[in-house]
Amino acid sequence: MSRIVLTTMGSFGDLHPKIAIALELRKRGHDVVFATHKEYQDKVEALGFAFRRMRPDNTALHDPQEMARMMDLKTGTEYVIKNWVCANLRETYTDLMASAEDADFIITGEGVVAARLVAEKLGIPWAFAVLQPASFLSVYDPSVLPILPFLAKLRGLGSLANRGIIQLSKVLSKSWAEPIHELRRELGLPPLKGNPFIDDKYSPYLVLALFSSVFAKPQPDWARNTVLTGFAFYDGNEGETELAPELQQFLDKGDPPIVFTLGSAAVMAPGRFYQESIEAAMQLNCRAVLLMGKNAPPKDLPENIFSITYVPYSQVFPRACAIVHQGGIGTTAQALRAGRPTLVMPYSHDQPDNAARVERLGTSRTILRNQYTADRVVKQLRQLLENPSYATKASEVSGIIQSENGVGVACDAIEKQLQTASTRS
């Protein structure tokens, strides 16, 4: 049995795939410890896993203004890296080192840059989990970059132009990494050869691409030790996956509704999303379900619109006729698995790229956040609902995703690394 530290920061979209992997690793006899935000302690411990607090705390889950700054289209990524990742780097390192001192393996991902420092300092192998294709910044499969959204139109210009875009990204983000370089020097670790947010962030042992091959194909410039697994799904602790009786009754008594959701992060900064969505549903004379998080439920909703705080997506998405969401990778994956057409209103980070990918798949349409008005939403949803090609393609993609075993493939790759490490020692 190996002791594995699994670390993550971010939203449920970051946490849930790691929980799925942790559950399977535990079934296979491994001891898994979570190091993450204190806000997830109850969720992790309810599953019987040991929990270790890892700073920074995710205070944005309770602070709409901070979440708005983090989700800003053009400046959100820089804000998160500078004010969360790097500003708390030493605290993250201290907490993670205390959690991993007797570990055999570390599994980490975007944002937890301290995990690599801890692994190198302790001399233990580690895996880097990539949740979305945008993280690879491939020359051959270019991503939509939120800090340079206008460059998305240059996608078809070939690898030379795409190399220029990636080089520009490195220049723009070079100064962000100075706290990492400084801490590495203090710890006596060798200097990095590249940018720790772009091309020098991957584990030399294992990189897990935790998404479906239908969402992105492997590319020549991905890290050489990448394993494309398929999505890793987890959607609630035991006892949380049953629908509320009122929602069950609502779904049973009429046509499939449109489901409107902003995930677990963007929902803290919804703007007018829910007001415009209600108006759009009324104009379309469609039933609707609003997943509203901690936002106050609207007053005097018509009887064909139902609002609720949260529902496991796997329980409600398959009951929908269409899904409108923010494009987070967790929500995107669940919508693809459900086989329903989607309208995506991306905020920032990977969301614009995720939106572009599902649009190219033929399962989705995209609407910019600053254009999300009832009239425009009605126009987009009519296209989704009246053109059968979207539903047909969504059903086809769903079949592919449901046939994959992302968790199993990921755990096989992790165990292979553990066996290799055991042989070395």
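The values are calculated or read from the model by the stated rules, or taken from the named source; none is laboratory data. Predicted model, so just to flag it, every value in this text is computed and none were measured. Note: ideal-geometry Cβ built from the backbone for every residue, glycine included; neighbour counts use all protein chains shown. When the accessible area is computed, the model is the full protein with side chains, heavy atoms only, and any ligands, DNA or RNA have been set aside. Shrake-Rupley method; radii C 1.70, N 1.55, O 1.52, S 1.80 Å.
Quick notes on this one:
- Test: Pro204 is modelled with pLDDT of 90 or more, open to solvent by 50 Å² or more (accessible area, probe 1.4 Å), out of contact with any His (no Cβ under 7 Å at 6 or more places or on another chain) and not in a helix (DSSP H, G or I): yes
- Residues of the range 362-375 that are basic (Lys, Arg) and open to solvent by less than 70 Å² (accessible area, probe 1.4 Å): Arg365 alone.
- Residue in the range 70-78 that is touching a Pro at 6+ places or on another chain (Cβ under 8 Å) and outside any helix (DSSP H, G or I) present: yes
- Residue in the range 90-99 that is under 16 Å from Phe231 (Cα atoms), touching a residue at least 60 places away in the same chain (Cβ under 8 Å) and not charged (D, E, K, R) present: no
Residue by residue, here is whether (1) out of contact with any Asp or Glu (no Cβ under 8 Å at 6 or more places or on another chain); (2) open to solvent by 20 Å² or more (accessible area, probe 1.4 Å); (3) assigned to a helix (DSSP H, G or I) holds:
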{"residue": "Val377", "(1), (2), (3)": "no, no, yes"}
{"residue": "Gln383", "(1), (2), (3)": "yes, yes, yes"}
{"residue": "Ala394", "(1), (2), (3)": "yes, no, yes"}
{"residue": "Ile401", "(1), (2), (3)": "yes, no, yes"}
{"residue": "Lys416", "(1), (2), (3)": "yes, yes, yes"}
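- Single residue of the range 6-43 satisfying the filter (hydroxyl-bearing (Ser, Thr, Tyr) and touching a strand residue (DSSP E or B) at 6+ places or on another chain (Cβ under 8 Å)) that is surrounded by the fewest Cβ atoms within 10 Å (Cβ to Cβ): Tyr40
- Scanning the range 403-414 for residues that are open to solvent by 20 Å² or more (accessible area, probe 1.4 Å), out of contact with any helix residue (DSSP H, G or I) (no Cβ under 8 Å at 6 or more places or on another chain) and within 30 Å of Met1 (Cβ to Cβ) turns up Glu404, Asn405, Val409, Asp412.
- Tally, over the range 330-341, of residues that are in a helix (DSSP H, G or I), of a type outside the set (A, V, I, L, M, F, W, C) and either out of contact with any strand residue (DSSP E or B) (no Cβ under 6 Å at 6 or more places or on another chain) or on the phi > 0 side of the Ramachandran plot (or both): 4
- Scanning the range 340-361 for residues that are open to solvent by 10 Å² or more (accessible area, probe 1.4 Å) and closer than 18 Å to Pro388 by Cβ turns up Arg340, Glu359, Leu361.
- Sole residue being surrounded by fewer than 22 Cβ atoms within 10 Å (Cβ to Cβ) and either touching a strand residue (DSSP E or B) at 6+ places or on another chain (Cβ under 7 Å) or hydrophobic (A, V, I, L, M, F, W, C) (or both), chosen from Phe273, Phe250, Phe260: Phe250
- Flag if Glu303 is touching a strand residue (DSSP E or B) at 6+ places or on another chain (Cβ under 8 Å), surrounded by fewer than 17 Cβ atoms within 10 Å (Cβ to Cβ) and among the acidic types (Asp, Glu): no
- The set of residues in the range 294-328 being within 13 Å of Leu262 (Cα to Cα), within 18 Å of the chain's Cα centre (by Cα) and at pLDDT 95 or above consists of Tyr313, Ile323, Val324, His325, Gln326, Gly327, Gly328.
- Of the residues making up the range 62-80, those that are open to solvent by 30 Å² or more (accessible area, probe 1.4 Å) and either over 23 Å from Ser173 (Cα atoms) or not β-branched (Val, Ile, Thr) (or both) are His62, Asp63, Pro64, Gln65, Ala68, Arg69, Asp72, Leu73, Lys74, Glu78, Tyr79.
- Failed condition for Pro218, given (1) open to solvent by 40 Å² or more (accessible area, probe 1.4 Å); (2) modelled with pLDDT under 95; (3) in contact with a Ser or Thr (Cβ under 8 Å, 6 or more places away or on another chain): (2)
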